[in-house]
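The values are calculated or read from the model by the stated rules, or taken from the named source; none is laboratory data. As the structure is a prediction and not an experimental result, all values here were calculated from the model. No Cβ is skipped: glycine too gets one built from the backbone with ideal geometry, and neighbour counts run over all protein chains shown.
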Amino acid sequence: EQLIAFLRRLYQMPPLAPTGDGVEPNRLETLYLCPIEEALAVLQPHGPYLLDFEQDYATLCAQIARLRQSNLYRQPIPYSAMHGDLHLRNIMLKEIRPETGDIDFRLIDLDHFTRAGDLAYDLGELRTDIEIRHTDGELPDIVCPLHQMVTTALTEDAMARGDALFSARVALGQTRSLLKLTAVDVTQMVTRLALPPVEDAPNAPILIQTQLAQVQKYLAEALTLADQAEPLEATTDSQAVA
């Protein structure tokens, strides 16, 4: 509960929308779709080392094309504070008060912090980090209910502000985060291990294939949630302030 309260205070910070006469680029592109496509571009040359990559790549490209035709692409993203690299390791315990049981937190690695970001970006990254670390056995089972509580609380706050497409963008945030990690994994796999053709070394590519399957699930979830949501009234990104 105290972690949720801490994060709520962060995201209730007054947003600071960019000013200027120029037309701002589509924020779904800059925050989500461009990084997703950049990660795919890293993966593509290493396709021969991966299992069924051509099929996965075609599916992902088709999903991205659908996103550009969806409500999610056409509707503005409300501005909010955004850490920009919200992994568990960047949420630190600052102080524990034994007399009250209160816990103070602080955020580190604030190089990407902005007040003109998207809360969904952070939540998607945090969820992905927790899920991966739990799967790898780095986190106890108790963390799973905690991360669901954080998700529920922040989603309720966003919906109360009228951000009907918030959950769809969280799924996009998970997509961006996991695909970025997958691109790093593939680059390291090929460069450091000097893998032979995939049929001779099947184990490492299986992990990559599993990650790409999960990326496709996140994108499918984003598309489904976008189709189900009642979109905000159309306006420009510069008018959309959380």
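Within segment 1-22, being outside any loop (DSSP other than H, G, I, E, B) and among the hydrophobic types (A, V, I, L, M, F, W, C) holds for L3, I4, A5, F6, L7, L10.
One line per residue, one yes/no per condition, for (1) at pLDDT 90 or above; (2) of a type in the set (A, V, I, L, M); (3) in a helix (DSSP H, G or I); (4) surrounded by fewer than 19 Cβ atoms within 10 Å (Cβ to Cβ):
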site: E24; (1), (2), (3), (4): no, no, no, yes
site: Y32; (1), (2), (3), (4): yes, no, yes, no
site: E38; (1), (2), (3), (4): yes, no, yes, yes
site: P45; (1), (2), (3), (4): yes, no, yes, yes
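The single condition among (1) without any contact (Cβ under 8 Å) to a residue 40 or more places away in the chain; (2) part of a helix (DSSP H, G or I) that P140 does not meet is (2).
Take the conditions (1) in a helix (DSSP H, G or I); (2) β-branched (V, I, T); (3) in contact with a helix residue (DSSP H, G or I) (Cβ under 8 Å, 6 or more places away or on another chain); I77 misses just one of them, which is (1).
Given the criteria over 15 Å from the mean Cα position of the chain (by Cα), buried (at least 16 other Cβ atoms within 10 Å of the Cβ) and either more than 25 Å from R9 (Cα to Cα) or among the aromatic types (F, W, Y) (or both), does Q69 qualify? So Q69 does not fit the description; no. Select from segment 47-58 the residues that are crowded, with 16+ Cβ neighbours inside 10 Å, over 21 Å from the mean Cα position of the chain (by Cα) and not aliphatic (A, V, I, L, M) and list them in ascending order. Within segment 47-58, Y49, F53 qualify.
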